[in-house]
Amino acid sequence: MTPKIHAQAKTGDATNGGVPGSVVAETNIVKATVEDIDQKKRTVVLKDSEGDLHTMKVSEEVRNLDQVKKGDEVVAGYYRSTAISVHKPGETPAPPAAGQAVIRSETGQKPGGLVVQTAQKTATVEDIDYTTREVKLKGSDGKTMKIKAGDKVKRLEDVKKGDKIVATYTEALAISVAKPEE
């Protein structure tokens, strides 16, 4: 299913003392109709708005799958954001954090729920090429990677070798099932 992007994010400078940073977020909403369901195998075949069929394996975590019937409408909303901040040598970024929250429907209701996850990663700038906008980062695990700073990243010239980059990722998925409209 090709998600439809309903909001594309803000990108700009962080407000922490003028330190360069950015936030990129997107929201996708997908609607589909249940074409077939196999309760024993816990698989659901969904038909998207373009008429394409998609078979999904449904986890045991999902309650009330027996409530889903052919013709039911499924709406899934997906939100993802990444916030990036830069810290100069000697500054101590907040310790890495992670968390997850799960909310699911009550027994007897149509399946539905919400999952929100947040994770944070820290890396050190090993090298930077301002012309190509490529930044070589070294993570806390010792692995290095190169990333290209997009054109929307402002004040890249303020980022220097030795700076710490902190990226906070947030993802949320909400799913609901409704009876087809008569």
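Read the figures in this text as sums done on the coordinates, not as results from a lab. What you are looking at is a predicted structure, and each value in this text was computed from that prediction instead of being measured.
Results, tabulated for the structure shown:
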quantity	calculated
Alpha carbon Rg of the range 66-158, scaled by the compact-globule rule 2.2 N^0.38 Å	1.67
For the range 24-75 and the range 77-127, distance of Cα centres in Å	25 Å
